[in-house]
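What follows draws every value from the coordinates through simple rules; no lab data is involved. Here the structure is a predicted model, which means the values were calculated and not measured. Neighbour counts are summed over all protein chains in view; Cβ atoms, including those assigned to glycine, are modelled from backbone coordinates with ideal geometry.
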Amino acid sequence: MSQQRTKSRIAPPETPGDTPADQAAGAGETGPAAPSFEAAAERLAAIVAQMERGELPLDQALALFEEGMALARSAQTRLDEAERRLEELIAEDADGRPATRPFEG
């Protein structure tokens with residue numbers, strides 16, 4: 001009996017940052033290519049609405065899920081940075097006075 005090997009339809013894993021979703025969302029970074037927090041939140045809402053309808057083929061749903069995860073990482077990074085900046089702005093020294101130090105932005 002001869003056995004034929006069938007090619008897998010599953011693509012090899014891509015390097016982080018190489019997927020279209022990562023590129024569109026800035027791969028969780030906040031450089032010039034990354035969308036603003038507001039733009040990421042708006043696109044995430046649109047993705048959720050599309051997926052909740054449940055009418056997408058699996059490959060499209062997976063692509064949207066990947067894009068959504070990349071956008072969520074980007075938005076979380078921006079929130080973390082904003083929190084760090086706020087903590088620096090409202091910091092107090094041991095005597096309860098506003099702590100001052102040069103801003104590193």
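Of note:
- Residue exposure proxy: Ile47, Ile90, ordered by other Cβ atoms within 10 angstrom of their Cβ from fewest to most, comes out as Ile90, Ile47.
- Of the residues Arg73, Arg78, the one with the fewest other Cβ atoms within 10 Å heads the list, and the complete ranking is Arg73, Arg78.
- Put in line by how crowded their Cβ is, counting other Cβ atoms within 10 Å and starting with the fewest, Arg53, Arg84 read Arg53, Arg84.
- Compactness relative to 2.2 N^0.38 Å, alpha carbon Rg of the stretch 34-89: 1.37
- Contour excess over end-to-end distance, with Cα ends at Leu62 and Ala33 and 0.36 nm allotted per residue: 8.2 nm
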